[in-house]
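Reviewing the structure listed below.
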Amino acid sequence: MAVILVMSFIFGALQTIGVGFYAPCMAMVYALGMHPLTAFPIMMTATAMLMAAGGARFVKQNAYDRKVSFSLTIAGVIGVFLAAYVVKSLPLLILRWVVLGVVLYTSGWMFRSASRKEQESKIIVV
């Protein structure tokens with residue numbers, strides 16, 4: 001439980017800078033040998049708490065795009081129904097492969113982005 005708590009804090013900090021929470025959390029749950037069905041409530045609760053705490057400052061300062069927020073809210077509601085009916089009926093083996101694919105895809109793009117920034121910082125402007 002302590003490992004999950006610490007890792008959730010780390011994933012939450014990373015989520016506030018743009019890294020997703022769901023795939024790393026799902027991978028952590030699998031790695032710790034827990035049943036995959038326990039991942040969804042952990043992910044949803046942690047993200048709900050994080051968004052309430054992390055978003056309060058932006059709401060106070062009115063520093064967010066209302067149209068984008070509304071669009072993401074609508075897409076999120078659709079995503080929940082999709083997850084409840086489609087993902088729930090997927091066999092766990094397929095779900096594991098989907099999560100693995102998401103983790104590998106995201107990490108690949110992050111490494112690519114980091115290497116580009118590193119190469120750009122080595123260029124000396126005269």
message: Restricting to segment 33-72, give me the number of residues that are surrounded by 12 or more Cβ atoms within 10 Å (Cβ to Cβ) and closer than 21 Å to TRP97 by Cα.
response: 8
- request: Restrict the check to segment 12-19 and report whether at least one residue is modelled with pLDDT under 90 and surrounded by fewer than 10 Cβ atoms within 10 Å (Cβ to Cβ).
  value: yes
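Looking only at residues in segment 96-126 that are of a type in the set (A, V, I, L, M) and modelled with pLDDT under 80, which one is nearest to LEU32 (Cα to Cα)? Walk me through how you get there before you give the answer.
So the first thing to find is which residues in segment 96-126 are of a type in the set (A, V, I, L, M), and the list is 98-100, 102-104, 110, 114, 123-126.
Those left that are additionally modelled with pLDDT under 80: 123-126.
Values: ILE123: 43, ILE124: 46, VAL125: 48, VAL126: 52 Å.
Checked segment 96-126; the qualifying residue nearest to LEU32 (Cα to Cα) is ILE123.
For every residue, the table says whether it meets (1) within 19 Å of the chain's Cα centre (by Cα); (2) farther than 26 Å from PRO41 by Cα; (3) in contact (Cβ under 8 Å) with a residue 40 or more places away in the chain.
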residue	(1), (2), (3)
GLN61	no, yes, no
LYS67	no, yes, no
SER71	yes, no, no
GLY76	yes, no, no
ALA84	yes, no, no
LEU93	no, no, no
THR106	yes, no, yes
PHE111	yes, yes, no
GLU118	no, yes, no
task: Working only within segment 1-40, note down all residues that are more than 23 Å from PHE58 (Cβ to Cβ), out of contact with any helix residue (DSSP H, G or I) (no Cβ under 9 Å at 6 or more places or on another chain) and not small (Gly, Ala, Ser).
output: MET1, LEU5, VAL6
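Examine segment 73-88 for a residue that is closer than 23 Å to SER113 by Cβ, surrounded by 10 or more Cβ atoms within 10 Å (Cβ to Cβ), out of contact with any strand residue (DSSP E or B) (no Cβ under 9 Å at 6 or more places or on another chain) and of a type outside the set (Gly, Ala, Ser), and state whether such a residue exists.
First, pick out the residues of segment 73-88 that are closer than 23 Å to SER113 by Cβ: none.
Scanning segment 73-88 turns up no residue that is closer than 23 Å to SER113 by Cβ, surrounded by 10 or more Cβ atoms within 10 Å (Cβ to Cβ), out of contact with any strand residue (DSSP E or B) (no Cβ under 9 Å at 6 or more places or on another chain) and of a type outside the set (Gly, Ala, Ser).
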message: Which count do you get for residues in segment 4-44 that are over 13 Å from the mean Cα position of the chain (by Cα) and closer than 22 Å to ALA84 by Cβ?
response: 8
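The values are calculated or read from the model by the stated rules, or taken from the named source; none is laboratory data. Remember, it's a predicted structure, so these values are computed and weren't measured experimentally. All Cβ positions, even for glycine, are placed from backbone atoms using ideal geometry, and neighbour counts span all protein chains on display.
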